[in-house]
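A.B. asks: Structure below; questions to follow.
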Amino acid sequence: MNEARAIELLEQHGVKPTANRIVVAKALAAAENPMSLAELERKILTIDKSGIFRALTLFREHHLVHVIEGGGEGVKYEFCHSHSHEHDEDVHPHFFCERCQKTFCLDNMGMPDITLPDGFRPRSANLIIKGLCPDCAGGL
C-alpha cells in the first residue's frame, strides 16, 4: 500500500492521517498474517511501542483493524477490509498454528450463525481454530 492509499483509507474511516498512523497502516497492510504489538514494534523502528499502540487503539475504534484474541502472543491485529467506520463487514474466523505460532485469516469462510438469548446484543465476534498449519503438519 502506498502512502496516498493509506491516507485515503484512514480518511474514509474518519481517522486523521498523521505520519505515525500512516506508517502503522502501511505495516499492517503489508503483513501476510495478523501481527502482535511486539511484532509491529520489531517491524516499525521509527515509532515507539506506545505510539504504535495508540494508533492501533484508534484504528480499532474506527473499525480499521480487527483484534484477534486467543492466539499465542496475546492479541494480534489485522487490517480490516470493511468499507464502514461504524461497523465491521469483514468478519471471518482465524487459524492459530500451535507449532509456528502464526495466525492465519480464513477469509473465504463464514462465521457460524449463533442465536443469542433475548437481551444480549453482540458487538463483535472472534473465532479461533487451533492446530497445525499445512507447513507444520506436512511432516506428520
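The values are calculated or read from the model by the stated rules, or taken from the named source; none is laboratory data. None of the values given here were measured: they were computed from a predicted structure. When we count neighbours, we look across all protein chains shown, and the Cβ atoms used for this are built from the backbone with ideal geometry, even at glycine. Side chains included, ligands, DNA and RNA excluded: accessible areas come from the protein's heavy atoms. Shrake-Rupley method; radii C 1.70, N 1.55, O 1.52, S 1.80 Å.
A.B. asks: Is it the case, given these coordinates, that Phe79 is open to solvent by less than 70 Å² (accessible area, probe 1.4 Å), in contact with a strand residue (DSSP E or B) (Cβ under 7 Å, 6 or more places away or on another chain) and at pLDDT below 85?
C.D. replies: yes
A.B. asks: Would it be correct to say that Arg54 is surrounded by 14 or more Cβ atoms within 10 Å (Cβ to Cβ), in a helix (DSSP H, G or I) and in contact with a strand residue (DSSP E or B) (Cβ under 8 Å, 6 or more places away or on another chain)?
C.D. replies: no
A.B. asks: Suppose we filter the range 26-51 for residues that are free of Cβ contacts under 8 Å to residues at least 12 places away in the same chain and either acidic (Asp, Glu) or part of a helix (DSSP H, G or I) (or both); how many remain?
C.D. replies: Total satisfying the criteria: 5.
A.B. asks: Considering only the range 32-51, state which residues are among the hydrophobic types (A, V, I, L, M, F, W, C), open to solvent by 30 Å² or more (accessible area, probe 1.4 Å) and out of contact with any Phe, Trp or Tyr (no Cβ under 7 Å at 6 or more places or on another chain).
C.D. replies: Result: Ala38, Leu45.
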